[in-house]
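Right, one structure below, let's go through it.
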Amino acid sequence: MKKLFLLPLAAIIGLLFFQGTQKSELSSNPELEVAGKKIPKKVMAVVDQKCYGCHNPDARSEKAKSKLDWDALQTLSKSEQSEAKDKIYEVLSEGNMPPRKFLENKPEGKLSEDELALLMKWSKTKRK
């Protein structure tokens, strides 16, 4: 009797574990568009590696999610997406992203000059 009880319990725990460890892959959608344009693969690679960890719906920081959620960005109107890109450019150009406090704990999160230039160029590009 105990064995019959443990088997379904183990299956449920296993499913919950694997469901909880799945990471959203922002770059898995090759048709991802912001402000009417596909996000270039190189930009997506930087976003996935350096930005998405804090700016996603499952992130710990409510502040980071409220400032920018890459998944929610896709649901905004094109004009709202353009405004979000402008804000991204502004924050990057002011040197406020990633935040200094974050970099104290995770210096590997710092954007290289090339990554910063790539994100700034993309975020400043206007849609046609």
Exercise for the section: For V34, enumerate residues with amide H under 5 Å from its amide H, sequence gap 5+ or separate chain, H modeled in the peptide plane. Expected result: I39
Completion exercise
With label points set 7 Å from each Cα along the Cα-to-Cβ direction at D48 and D71, the distance between them in nm comes to 1.7 nm
Practice task
For region 40-99, run through the trypsin sites (Lys or Arg not before Pro) and keep only the ones in DSSP coil with at most 15 other Cβ atoms within 10 Å of their Cβ.
Solution key: R60
Completion exercise
Which residues qualify? For H55, with a placed amide H closer than 5 Å and at least 5 residues away or on another chain, they are none
Practice task
Evaluate 2.2 N^0.38 Å with N set to the residue count of region 32-124, then give the Cα radius of gyration divided by it.
Solution key: 1.02
Practice task
Convert each backbone phi in region 50-63 into a coupling constant with the Karplus relation 6.51 cos²θ - 1.76 cosθ + 1.60 (shift: θ = phi - 60°), then list the ³J(HN,Hα) values in order as whole Hz, x for Gly and Pro.
Solution key: 10, 10, 5, x, 9, 10, 9, x, 9, 5, 6, 7, 5, 4
Handout entry: Low-density loop positions, GluC sites (Glu not before Pro), region 39-128 - DSSP coil, at most 14 other Cβ in 10 Å
Key = E94
Completion exercise
The ³J(HN,Hα) series, computed from each phi in region 100-113 with the Karplus coefficients 6.51, -1.76 and 1.60 at θ = phi - 60°, rounded to the nearest Hz and given as x for glycine or proline, is 4, 4, 4, 5, 4, 8, 9, x, 5, x, 5, 6, 6, 4
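Within 10 Å of each candidate Cβ there may be at most 15 other Cβ atoms; applying that plus a DSSP loop requirement, which chymotrypsin sites (Phe, Trp or Tyr not before Pro) in region 66-105 survive? Provide the component values of the computation, followed by the final result.
On the way: sites: W70, Y89, F102; in loops: none.
Here no chymotrypsin sites (Phe, Trp or Tyr not before Pro) fit, given the DSSP loop and packing criteria.
Throughout, read-outs are computed from the coordinates displayed, never taken from laboratory work. None of these values were measured; they are calculated from a predicted model. When we count neighbours, we look across all protein chains shown, and the Cβ atoms used for this are built from the backbone with ideal geometry, even at glycine.
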